[in-house]
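This report concerns only the one structure given below.
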Amino acid sequence: MINKQKLDSIKNAPNGFCLAKWYQVTIDLSRGYTHSCHHPMRHKIPVEEIIKDPSALHNTHFKMLQRKLMLDGIRPPECDYCWKIEDTAGDHLSDRFIKSTDNWAYDLLDETLKSPWDKKISPTYVEVIFSSDCNLNCAYCMADVSSSIESEMQKFGPYPVTSNQHRMPREKAIKENNPYVTAFWLWFPEMVKTLRVFRITGGEPLLSKETFKVLDYLIDHPAPNLSLAINTNLSYSSTQLQKLISQVKVLFAHKAIKAFSIYTSLDGFDDQASYIRKGLDLNKFKANISLITDSLPESEIILMCTYNILSITSFKDLLDWIVEQKNAGKRITLDISYLKEPEYLRANLADDSLKSKMNDDLEYMKTLKQFSQYEINKYDRIVSWVNTKTADPFKFVYQADFYTFINEFDKRFKSNFSALFPGHKKFYRSCMKSYLWKKIYSLGNK
Ligand code: SF4
């Protein structure tokens, strides 16, 4: 629950103001992109800006202009993730309220409102991608953050959907003499002094030597106020995880960090989860969860669910499994966000029967005392968004694209959607109809 006084002060700030634009950043060092927060599209970091000042990994001229819009009371269009939630009927808190009132941001509110828009900011929450090497191939993910998808797209080419560039590689990762990694290591010793949360993501961070270099750096240069977090898919043998655990134990023994968290993902449960996240090995995943909680009992696990149209029919099983884990004393928090792109996998394509399943799951979740109000609210706002009755002129196109995508996905991975997702039977059939209508329409226009 957000403190009312904190909430009011953000509400009283200029319209659309959000501290995440100043203090939270995700930086893709493998290709030189940045965004604040992680919801807006990434934008390119000009090399000439980081040569002058390595903090331009965060403070690009483009980003400072977005901050200026916020200070002027204008909602930056790139933050539409939040505007969609804020414009949904009912009382829903978008991420800008959740983030702006968080411990890494809120106490900086007054000084930020008084500062000029072009002030260079030392962020308090940094997330970096050192490498996009990844052993998984998730249905909604992109080649630029997964080498497995990059290989798939090189082999098969784009999916025959309307906007077919979503999973396609945009540019190659810089493997040698990477100026962004150089700028990072120039900036890190200074930036870490005021940093509160440092999160390494990927790709799969355990496949990057830079991840272990950061841990070594922190062992030699303790940052006792820092919360360290690693995003990892946990779908690998425990031997890989042991190396990480050993280093984190040293960090705790030296009081070199304040806290350690693992961020991992499940977007559904069982075979449906493995369908969404191709390569996910749920047995290894569960064993690794136990290994972390047994070896590092002081650590926290945040289970992220990128809720999409394929999450709906196994979400209840996911809730039940989390309840079991919580009952066993594991410190697991469920963090649900909605999938924004690609549009053809968005949950708001749901038909009435899938919506009814979501509504039932929400009511069920509310009865489970193991979930906090924070966890329930995050699902509640997604259910409200999906239930919103606004006519989307492109819904029919997205449904046709869903059908096209799923059939091509099945062909590439030799899977069988209809057998694995019986609860989507009606939805799939209506998507097939949309596909056929779209085909007839485009033939008619030739
Ligand atoms: S307004 Fe929303 S999308 Fe924009 S930076 Fe803040 S939390 Fe992120």
Item to complete: Only one of these is farther than 26 Å from residue 236 by Cα, of a type outside the set (A, V, I, L, M) and away from the ligand (no atom under 16 Å from the Cβ): 152, 111. Name it.
Response: 111
Discussion item. Against the definition (touching a Pro at 6+ places or on another chain (Cβ under 6 Å) and open to solvent by less than 10 Å² (accessible area, probe 1.4 Å)), how does residue 264 come out, yes or no?
Written reply: no
Worksheet item: Where residues in segment 239-259 are in contact (Cβ under 8 Å) with a residue 40 or more places away in the chain and open to solvent by less than 10 Å² (accessible area, probe 1.4 Å), which of them is nearest to residue 136 (Cα to Cα)?
Response: 241
Practice prompt. Among the residues of segment 146-187, count how many are outside any loop (DSSP other than H, G, I, E, B), touching a residue at least 24 places away in the same chain (Cβ under 8 Å), surrounded by 21 or more Cβ atoms within 10 Å (Cβ to Cβ) and not polar (S, T, N, Q).
Written response: 3
Worksheet entry | Filter pass, residue 411 being open to solvent by 40 Å² or more (accessible area, probe 1.4 Å), within 20 Å of residue 142 (Cα to Cα) and of a type outside the set (S, T, N, Q) | yes
Worksheet item: Which condition breaks for residue 318 when tested against (1) open to solvent by 20 Å² or more (accessible area, probe 1.4 Å); (2) in a helix (DSSP H, G or I)?
Response: (1)
Discussion item. Considering only residues that are open to solvent by less than 40 Å² (accessible area, probe 1.4 Å) and outside any loop (DSSP other than H, G, I, E, B), which ones fall in segment 327-347?
Written reply: 332, 333, 334, 335, 336, 337, 338, 344, 345, 347
Worksheet item: Which residue pairs have Cβ atoms closer than 8 Å, lie 6 or more positions apart in sequence or on different chains, and pair a first residue in segment 291-304 that is at negative phi and β-branched (Val, Ile, Thr) with a second residue that is open to solvent by 10 Å² or more (accessible area, probe 1.4 Å) and part of a helix (DSSP H, G or I)?
Response: 301/293
Item to complete: Any residue in segment 329-345 that's in contact (Cβ under 8 Å) with a residue 60 or more places away in the chain: show its pairings with residues that are aromatic (Phe, Trp, Tyr) and in a loop (DSSP other than H, G, I, E, B) at Cβ separation under 6 Å, as long as the two are six or more apart or on different chains.
Response: 339/140; 345/140
Response to the item:
Residues of segment 81-96 being more than 8 Å from the ligand (Cβ to nearest atom) and among the acidic types (Asp, Glu), in sequence order, are 86, 87, 91
Practice prompt. For residues that are closer than 20 Å to residue 17 by Cβ and touching a Ser or Thr at 6+ places or on another chain (Cβ under 8 Å), scanning just segment 44-64, find the one that is nearest to the ligand (Cβ to nearest atom).
Written response: 63
Worksheet item: Of all the residues that make up segment 1-43, how many are at positive phi, at pLDDT 95 or above and within 14 Å of the ligand (Cβ to nearest atom)?
Response: 0
Worksheet item: Which ones in segment 8-24 are in contact with a Phe, Trp or Tyr (Cβ under 9 Å, 6 or more places away or on another chain) and either within 15 Å of residue 123 (Cβ to Cβ) or crowded, with 17+ Cβ neighbours inside 10 Å (or both)?
Response: 10, 16, 18, 19, 20, 23, 24
Fill in: segment 125-136: number of residues that are open to solvent by 10 Å² or more (accessible area, probe 1.4 Å) and either of a type in the set (Phe, Trp, Tyr) or in contact with a Ser or Thr (Cβ under 6 Å, 6 or more places away or on another chain) (or both)
6
Discussion item. I'm checking my understanding of the structure. Among residues of segment 209-232 that are open to solvent by 10 Å² or more (accessible area, probe 1.4 Å) and of a type in the set (S, T, N, Q), which one is nearest to residue 142 (Cα to Cα)?
Written reply: 231
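The values are calculated or read from the model by the stated rules, or taken from the named source; none is laboratory data. Remember, predicted model here, so these are calculated numbers, not experimental data. Quick reminder, even Gly has a Cβ in these numbers, built from the backbone with ideal geometry, and neighbours come from all protein chains shown. Protein only, heavy atoms only, side chains kept; ligands, DNA and RNA dropped before computing areas. Shrake-Rupley method; radii C 1.70, N 1.55, O 1.52, S 1.80 Å.
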